[in-house]
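Notes to accompany the following structure.
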Amino acid sequence: MTVVGAVVGLDGRLSRTPGGWSRGLIATVVGIVTVTLFGAVYSLGVHRGSAANPEHAVSGKAYSTKLQISAYNGGATYDVPLHVAWRDTRGVMNFGSRPACLQPSNRIMPIKFAWVDTHREGAWRTVVWVDCAP
């Protein structure tokens, strides 16, 4: 006897479903695809530098307000995202938050940061990380 549209569940029982897919199997497949896509997008966003587009680590000056952070180096100005990868004073990397060393202060301070060449969102150089370590 051939059973069409049957699935063996985790409990070992055979269940018949329309089309042959169980809800658990669909949920598992959707979960795996979601996690995989999230990981790929996150990886692309965090690691923008590559051999073809390397990161450029520089030291400069920064000025931060509540609504923006600007960095300066060698006559160039960089807009620092308010939520960027950054290294704290203990050397721990933080992702997706405002750097602790660039809290709104309305003053100029020394800063180390890295940028890559981009042609997105009107910016030619995008800051990809900030180093708050001394």
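The values are calculated or read from the model by the stated rules, or taken from the named source; none is laboratory data. Nothing here was measured: the structure is a model prediction, and the numbers come from that model. Heads up, the Cβs are rebuilt from the backbone with ideal geometry, glycines too, and the neighbour counts pull from every protein chain shown.
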Restrict the check to the range 84-100 and report whether at least one residue is surrounded by 12 or more Cβ atoms within 10 Å (Cβ to Cβ), of a type in the set (A, V, I, L, M), under 13 Å from the mean Cα position of the chain (by Cα) and modelled with pLDDT of 90 or more.
yes
Scan the range 77-91 residue by residue and report those that are polar (S, T, N, Q) and closer than 14 Å to Asp131 by Cα.
Thr89
